[in-house]
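Participant: This is the structure I have questions about; it appears just below.
Here, each number is a calculation from the coordinates, and none is a lab measurement. Only a predicted model underlies this, so the values are computations on that prediction, with no experimental measurement involved. Every residue, glycine among them, receives a Cβ derived from its backbone with ideal geometry; neighbour counts consider all protein chains shown.
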Amino acid sequence: MANVLNEEKKQQVLALGRLGWSLRRIEQATGVRRETASNYLKTAGIAVRPAGGWGRQSAVSGSATLTPAVSAAPPAEPEMAADPSLSKPTSEGAADPTASKPANEVTTDFGVGEPVPGASTDLNPQQSTPEAIRHPETASPANQALPPSGSRSPSACEPYRELIEVGLARGRNAMAIWQDLVSQAGFASSYQSVKRFIRRLRGTQAPEAHPVIVTGPGEEAQVDYGLGPMVRDLQSGKYRRVRLFVLTLGYSRKAVRLLVFRSNSRTWAELHEKAFRRLGGAVRVVVLDNLREGVLVPDVYDPTLNPLYRDVLAHYGATALPCRVQHPDRKGKVEAGIGHTQRTPLKGLRFESLEEAQTYLDRWEAHWADTRIHGTTKRQVAAMFAEEKPALLPLPLEPFRYYQYGQRTVHLDGCVEVEAAYYGAPPGWIGRVVNVQWDELYVRLLDPHNGQLLREHVRQKRGRYRVKPEDYPKRTPLGTLQLLARAARAGTNIGVFCQAIHREQGELGVRRILGVLALAKKFGLPAVEEACTAALELKVHEYRFVRRYLERRPQTPLTLQQVDPLIRELVQYRDLIQQRLQEQERQQALLFETVPPATPATSQEVQE
């Protein structure tokens, strides 16, 4: 038979198999077909290394080291020439084992031992095959006994197992652990050794279960972005990678796929609205990732949502539910939908416009994605969506009115600036920050703490002001029309007189009108009304006339009020005075009665 080898070839194949050579290399060295060599190796009980495992796996462990007698055995040239397959003469330099091509560096963690001294890994049989392998009968019996196969050499990382396990528990990757071992523990092996050891440790861990999240019809939808196809940008003329937006219903797995060039807060919200419109209804909960367009501050218990995105969902009756940070498994349905879209309809395609790409994707969605049998539910997607559609929330009659938002600081004039126009804030907010929302029609100022509406103004042109009358500072001068209206409220003739001043003197008469109103505070409204009446009769529309009239006008004599609740009657004062006088008389009478009268002196006392 053609595949029966002689004893010499057989011994060569077996010896090379014990060294861990691959079947392809044995075929190149000996000329024996790989199938024949594999049969002989399996019959002899020698493990065959699988293809593609060079430097990673080995069929034998410990058999890669030959005894010094084998490595030092001189080659027998006449016997090699007897074999036609090994009859190629060798050069003088190739006969020297130290001058042969160096073998690729191999780590000992793969079970491949140290390279054989004097044995080359070159594929030339006369340069790489030692004499003891080509003619094993010439070697001594001790040299023919090779170490048993099937054992793996211990890893260099084994003494550092505890340190590696601690690093893995802290969440550090293989590169960080290897750097720590080198810098702190004097680790001498390579990074690949650490990586293989960590892979082996993780392989022994039990896999974590990932249960399927079951939701009711119309209850939940999952949204996310992914990389879309290459589409030519009409502005630059170059192909650009677009973004793929996918919204997947949790019950039926019905998906809406939309393509956009760029994303921002408004685009993200508009994509949700367009997806709800395509589905014909809205869901109650939207599960999303912590991207900036939807979540401003990620938090497990109280995330801060983008206000525009929050209001859009509230307009449709939905609520946002962000995932935990770095836990995308919560929205695995949309993640699978994005991967399915990238691998199946969009793989390797380019489009000349975004409309062309969206049309192709919609056609694929209707003909293939909706009609497929889903791998988890084992039902058609379109049939399950027909069951879920009645459970969706009805769409509002009007679409959401989009706005822009931001934060502004109230200036010293009590206004905030929005697109080069100025809008007044309530008193007491100077120097403080307020939330601002604006669209094409209105500007709203909101309290940043509770979201309460502070003021709502109509949009103004650039450079214009919009302040409510009650928000003006007390020291702010009134406008001309406001002054005339105030003068008319003060008195009929006062208002007519002030209008005549403004009509004749224009803007110069504004201060004179202010002077007339100041005279009303000083002399009283009746006196100023009388003075203005006299000025109108004389047709003298001058502030100075009214002032002089009031200054030279005789003052009305002061009159004391006779009757007032605070003024007592004079009879009471008379009675009080009489009572005081009587008390004084009684006190004096009592004083005279207590003092005894003086006796007259005798004549004798006078003489003495």
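Participant: Which residues' amide hydrogens lie under 5 Å from the amide hydrogen of Tyr442, considering only partners 5 or more residues apart or on another chain, with H built in the peptide plane?
Facilitator: Arg459
Participant: Order these by the 10 Å Cβ neighbour count, fewest first: Asp289, Asp362.
Facilitator: Arranged by neighbour count, lowest to highest, Asp289, Asp362 become Asp362, Asp289.
Participant: Can I ask one more? Set the Förster distance to 45 Å, then compute FRET efficiency between Arg459 and Glu529 from the Cβ-Cβ distance, nearest 0.05.
Facilitator: Approximately 0.55, to the nearest 0.05.
Participant: How high is the relative contact order of the range 397-471, in percent, with contacts defined as C-alpha pairs under 8 Å that are six or more residues apart?
Facilitator: After rounding, I find 30 percent.
Participant: Figure the gain on full extension for Leu296 and Leu349 (residue separation times 0.36 nm, minus the Cα-Cα span) and round it to one decimal in nm.
Facilitator: Gain on extension, Leu296 to Leu349, equals 15.6 nm.
Participant: Let me ask something additional. Beta carbons within 10 angstrom, averaged per residue: use that to sort the peptides 275-281, 466-472, highest first.
Facilitator: The densest-packed peptide leads the list: 275-281, 466-472.
Participant: Where does each of 500-508, 15-23 land if you order them by average Cβ count within 10 Å, highest first?
Facilitator: The packing order, highest mean first, is 15-23, 500-508.
Participant: So for Ile567, Ile198, fewest C-beta neighbours within 10 Å to most, what's the order? Could you put the intermediate results ahead of the total?
Facilitator: Working: Ile567 10, Ile198 20.
Ascending Cβ contact count within 10 Å gives the list Ile567, Ile198.
Participant: Turning to a different aspect of this structure: Starting from the Cα of Lys10, draw a straight line to each of the lysines and keep only those under 17 Å, dropping any in the same chain fewer than 8 residues away.
Facilitator: Lys42
Participant: Compute the FRET efficiency between Gln482 and Glu440 as 1/(1 + (r/R0)^6), taking r as their Cβ-Cβ distance and R0 = 25 Å, and round to the nearest 0.05.
Facilitator: It comes to 0.25.
Participant: Next question. Collect residues whose amide H, placed 1.01 Å from N in the peptide plane, falls under 5 Å from the amide H of Leu305; neighbours closer than 5 in sequence don't count.
Facilitator: Those lying under 5 Å, H to H, from Leu305 are Leu296.
Participant: Along Cα→Cβ, 7 Å out, is where each label goes; now give me the distance between the ones at Thr409 and Asp233 in nm to one decimal.
Facilitator: 3.5
Participant: Sticking with this structure for a sec: Starting at 0 and stepping by 10 Å, how many percent of the alpha carbon pairs of the range 158-203 end up in each bin?
Facilitator: 30, 66, 5
Participant: Arrange the following residues from fewest to most other Cβ atoms within 10 Å of their Cβ: Glu220, Glu356.
Facilitator: Numbers: Glu220 21, Glu356 13.
The most exposed by this proxy come first: Glu356, Glu220.
Participant: Here's another thing I want to ask about it. Relative to the present Cα-Cα distance, how much length would full extension add between Arg202 and Glu162 at 0.36 nm per residue of separation?
Facilitator: The span from Arg202 to Glu162 would gain 13.0 nm if fully extended.
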